[in-house]
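The structure appears right after this line, and notes come after that.
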Amino acid sequence: MAKILRCPACGALWRLTGETLPARCRCGQCGTVFSTDKAETAEVDDEKLKARIAEREAQLAREEARRAREAAQAREGEALMTKIAADMSSFEGGAAPEAAAAAKGLHAEPPADMPEVRPTKSGSAIGRFFAVLFGIAALLAIGVCAALYFHEPILKSVPYLRPVYEKVCTQAPCPGFVWAQPKAFEGTAEVVLGETADLKRPDVRITLRNTSAHPQRMPIIELKILDPAGDTIVQRILEPAEYGIATQPAVLPAGETVDVLVHVETPLPYDAAGASVSPVELQ
């Protein structure tokens, strides 16, 4: 039988190899030091444990394959939009001189002795070709404008296109578009005493600042509460609603700052001396 120990801070499960439990352990996942007599323990059949580990590894492999597929689809979408933009640019560069020459020819007065020139079939064919080319370019332009304007329903259906939109909308107008870049935020945290003046159940003041030039969605954050030695007592991943941002979706304008207060409900095993916060980059 295998002995399993659960970290009381982050819930990570660890297999103990010795016969006797040590008095204190440090979690390899979150770094929390805790007493083993206060942690949950269980004994699991070795074969069942191996089967569970194999199942978890297979699940992680499937998740990695899914992320790889989404990344490949995102690259394909970016390449498609880049090709559309290049096609529109080349058309505009080639059509303008033809249009200018045509306009100049319409206003020019031919010499009196110049013989009359009638359009040939080849000239008509060239005209039709340019008309078709102009129609295709116009449809592409309309499609691109519609994709930029109606970005919200498109991103709900195809979320992996968001990086493509973030690059394009930096240069092109995208009405109402909101970026989602956790690295655009700077965060600080400090421990303050609550009404009970108890360092085992303190309040944590979190400050987040949008350092980018664009409006950003409020990020998911990682909050750590530290002991006097700087070690992590407890670590949590918090959604915006969990750290006090009630409006959803929460958006912070460019250059602005928001302050929130998070209260620790469950008593900590040690007195809190500090805290740190960092935005979480989703993979």
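Cβ-Cβ distances below 8 Å connect no pair with a first residue in segment 70-84 that is free of Cβ contacts under 8 Å to residues at least 12 places away in the same chain, a second residue that is surrounded by 13 or more Cβ atoms within 10 Å (Cβ to Cβ) and of a type in the set (Phe, Trp, Tyr), and a separation of six or more residues or different chains. From the list 57, 70, the lone residue that is surrounded by 11 or more Cβ atoms within 10 Å (Cβ to Cβ) and either at pLDDT 80 or above or touching a helix residue (DSSP H, G or I) at 6+ places or on another chain (Cβ under 9 Å) (or both) is 70.
The set of residues in segment 146-173 being over 18 Å from residue 80 (Cα atoms) and more than 16 Å from the chain's Cα centre (by Cα) consists of 153, 173. The conditions of being hydrophobic (A, V, I, L, M, F, W, C) and touching a residue at least 24 places away in the same chain (Cβ under 8 Å) are met by residue 5.
Taking segment 135-174 as the region of interest, how many residues are outside any helix (DSSP H, G or I) and either in the same structural domain as residue 219 (by TED's automatic domain parsing) or surrounded by 16 or more Cβ atoms within 10 Å (Cβ to Cβ) (or both)? Residues flagged as outside any helix (DSSP H, G or I) and either in the same structural domain as residue 219 (by TED's automatic domain parsing) or surrounded by 16 or more Cβ atoms within 10 Å (Cβ to Cβ) (or both) within segment 135-174 amount to 1.
Which residues, taken from segment 242-271, are modelled with pLDDT of 90 or more and small (Gly, Ala, Ser)? Scanning segment 242-271 gives 254, 255. Among residues of segment 215-226 being assigned to a loop (DSSP other than H, G, I, E, B) and surrounded by fewer than 19 Cβ atoms within 10 Å (Cβ to Cβ), the one that is farthest from the chain's Cα centre (by Cα) is 215. Cβ-Cβ contacts under 7 Å between residues 6 or more apart (or on different chains), taken from a first residue in segment 256-283 that is within 30 Å of residue 74 (Cβ to Cβ) to a second residue that is hydroxyl-bearing (Ser, Thr, Tyr) and at pLDDT 90 or above, are listed as 277/188. Take residue 52 and decide whether it is under 30 Å from the mean Cα position of the chain (by Cα), basic (Lys, Arg) and surrounded by 10 or more Cβ atoms within 10 Å (Cβ to Cβ). It is false that residue 52 is under 30 Å from the mean Cα position of the chain (by Cα), basic (Lys, Arg) and surrounded by 10 or more Cβ atoms within 10 Å (Cβ to Cβ).
Anything in segment 234-283 that is among the β-branched types (Val, Ile, Thr) and farther than 17 Å from residue 205 by Cβ? List them, or say none. If the condition is that a residue be among the β-branched types (Val, Ile, Thr) and farther than 17 Å from residue 205 by Cβ, then 237, 247, 251, 266, 280 are the ones that fit. Of all residues in segment 205-214, exactly one satisfies the criterion of being crowded, with 18+ Cβ neighbours inside 10 Å and not hydrophobic (A, V, I, L, M, F, W, C), namely 210.
The values are calculated or read from the model by the stated rules, or taken from the named source; none is laboratory data. Computed from a predicted structure; not experimentally measured. Note: ideal-geometry Cβ built from the backbone for every residue, glycine included; neighbour counts use all protein chains shown.
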